[in-house]
């Protein structure tokens with residue numbers, strides 16, 4: 001019996017503590033709390049009801065909860081109640097309510113069904129918490145965000161955030177709307193798959209882009225790169241600049257911008273062409289020949305190959321100028337340059353060194369094959385006939401051929417070719433002469 005009495009006292013004390021806790025929670029709740037039936041009739045309210053709603057508690061008992069809605073007939077409170085009752089599960093959301101003084105408030109509402117014993121009617125605990133200030137702040141922040149987004153979308157470029165996982169996978173987390181004009185792709189398409197944009201990077205630039213990203217990710221140094229995007233009928237130059245930062249999970253994020261620099265690159269190319277081109281003939285000038293020639297020499301040296309080159313001089317050009325005038329001389333130079341260029345491949349270097357002197361560097365050509373190329377060029381020049389004021393002018397050229405060895409000097413090889421050219425002039429002009437030690441062409445028996 002003593003054990004039963006102890007158990008009873010313990011149970012009664014626990015019930016009193018629970019009731020006290022529930023009462024304290026209701027009294028301290030900073031909002032409206034109501035007990036309602038399935039029809040929304042208010043059965044009871046918390047002590048703070050009048051303070052937070054403006055309605056005296058005794059006037060609300062027996063009334064429907066929808067009277068707190070800004071639209072009692074078609075507002076959200078009725079729909080929230082119906083949803084919670086039908087599903088017998090909690091409903092949470094924001095409701096627009098009206099206080100007794102007419103002030104409208106945004107309330108965070110919770111409808112919690114209270115399951116009771118079998119046969120007992122369903123009751124719901126409804127709480128409303130004023131979040132008007134938070135809601136207005138959110139609206140303000142949303143308006144500022146929309147304004148910022150509009151600014152980003154109007155910028156002449158693309159603002160982006162790129163993520164690289166610790167495994168090296170790339171993902172665009174943000175792209176402004178300017179991507180459509182820049183790359184013909186929607187931002188969402190590229191955020192769904194970075195490859196949609198990366199696949200358009202020019203083949204020659206893809207490796208440079210990967211290398212630059214890797215270096216930036218390792219050193220966390222700013223990324224700056226120019227690359228091309230390929231389209232069906234054109235190529236567009238893009239400049240990318242971004243600043244990286246490391247995440248705690250090992251991922252790397254770049255915040256940056258993409259700019260269309262096609263117009264600038266085209267202007268640079270036009271300028272470069274003016275700087276590197278002989279204005280009269282349209283071929284390379286002396287400076288460009290040495291610049292490009294050094295690049296060819298370095299590449300050949302890495303592969304252990306010799307490079308044939310030749311000096312060319314139009315025969316009797318000074319006499320032609322003196323007899324027929326400089327205008328006729330200019331026509332001869334232009335016709336000569338066009339003929340030579342047609343006899344050479346696009347990647348062979350052909351330049352006007354000065355006056356009537358020209359130079360040729362035959363890229364990826366064996367010493368033996370160079371003889372045939374230059375001999376065909378000489379014959380093509382010999383076939384030139386220019387009608388100048390009713391008089392036909394014939395043109396011939398003398399050529400000096402030399403070989404630049406894998407580790408040789410471009411200046412020395414040109415000097416040897418110039419000496420061979422002098423020999424061609426001395427031997428009667430309109431001929432090809434090689435420098436001493438140059439491999440002779442193979443003669444095939446008939």
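Backbone N atoms of region 230-245 closer than 19 Å to the 7 Å Cα→Cβ label point of residue 193 belong to residues 230-232. The gain in end-to-end length when the residue 295 to residue 181 segment is fully stretched comes to 37.3 nm, 0.36 nm per residue minus the alpha carbon separation. Considering the zone a paramagnetic label at residue 166 would reach in this model (a point 7 Å from Cα along the Cα-to-Cβ line), which residues of region 210-244 have amide N under 16 Å from it? Answer for region 210-244: 218. Of the residues 342, 418, the one with the fewest other Cβ atoms within 10 Å heads the list, and the complete ranking is 342, 418. Calculated mean residue ellipticity at 222 nm for the chain: -14000 deg cm²/dmol, from DSSP H runs with n ≥ 4 weighted as -39500 (n - 2.57), summed, divided by the residue count and rounded to 500. Overall dimensions of region 277-434, expressed as equivalent-ellipsoid semi-axes from the Cα gyration tensor (√(5λ), whole Å, largest first), are 28, 16, 13. Between 0 and 90 degrees, the angle of helix 367-382 with respect to the longest Cα principal axis of the chain falls at about 70 degrees.
The distance between label points at residue 207 and residue 67 comes to 8.1 nm (points 7 Å beyond Cα on the Cα→Cβ vector). The Kirkwood hydrodynamic radius of region 343-388, based on inverse pair distances between different Cα atoms, is 12.0 Å. Could you tell me how many degrees, from 0 to 90 and to the nearest 10, lie between the Cα long axis of helix 2-28 and the main elongation axis, the longest principal axis, of the Cα atoms of the chain? So the helix axis and the longest Cα principal axis differ by about 60 degrees. With the simple spin-label model, which puts each label point 7 Å out from Cα in the Cβ direction, the residue 88 to residue 334 separation comes to 9.7 nm.
What is the projected area of the convex hull of the Cα atoms of region 209-317, averaged over all directions, in nm²?
Working: hull surface 47.8 nm².
Mean projected area for region 209-317: 12.0 nm², to one decimal.
Simple spin-label estimate for residue 226 and residue 51 gives 7.0 nm between the two label positions (7 Å along the Cα-to-Cβ direction from each Cα).
To the nearest ten degrees, helix 203-219 and the longest principal axis of the Cα atoms of the chain are 50 degrees apart. For region 155-265, the equivalent ellipsoid derived from the Cα gyration tensor has semi-axes of 22, 15, 13 Å, listed largest first.
The per residue volume of the convex hull around the alpha-carbon atoms of the chain is 336 Å³.
For 176, 219, what's the fewest-to-most ordering of other Cβ within 10 Å of each Cβ?
Working: 176 20, 219 9.
So the ranking, lowest neighbour count to highest, is 219, 176.
Computed from Cα atoms alone, the Kirkwood hydrodynamic radius reported for region 23-135 is 14.1 Å. You can think of it this way: the chain between residue 368 and residue 235 has 44.0 nm of extra reach, that is 0.36 nm per residue less the Cα-Cα gap.
Computed log10 I(q)/I(0) for region 360-446 at 0.14, 0.19 Å⁻¹: -0.56, -0.90, from the Debye equation with unit scatterers placed on every C-alpha and solvent omitted.
Values of log10 I(q)/I(0) for region 103-158 across q = 0.22, 0.23, 0.31 Å⁻¹ run -0.87, -0.89, -1.10, by the Debye formula with one identical scatterer at each alpha carbon and no solvent. The stretch between residue 79 and residue 112, if pulled fully straight at 0.36 nm per residue, gains 10.5 nm over its current Cα-Cα span.
Readers should treat all values here as calculations from the given coordinates under stated rules, not as data from a laboratory. Keep in mind that this is a model prediction, so the values were computed, not measured. Neighbour counts are summed over all protein chains in view; Cβ atoms, including those assigned to glycine, are modelled from backbone coordinates with ideal geometry.
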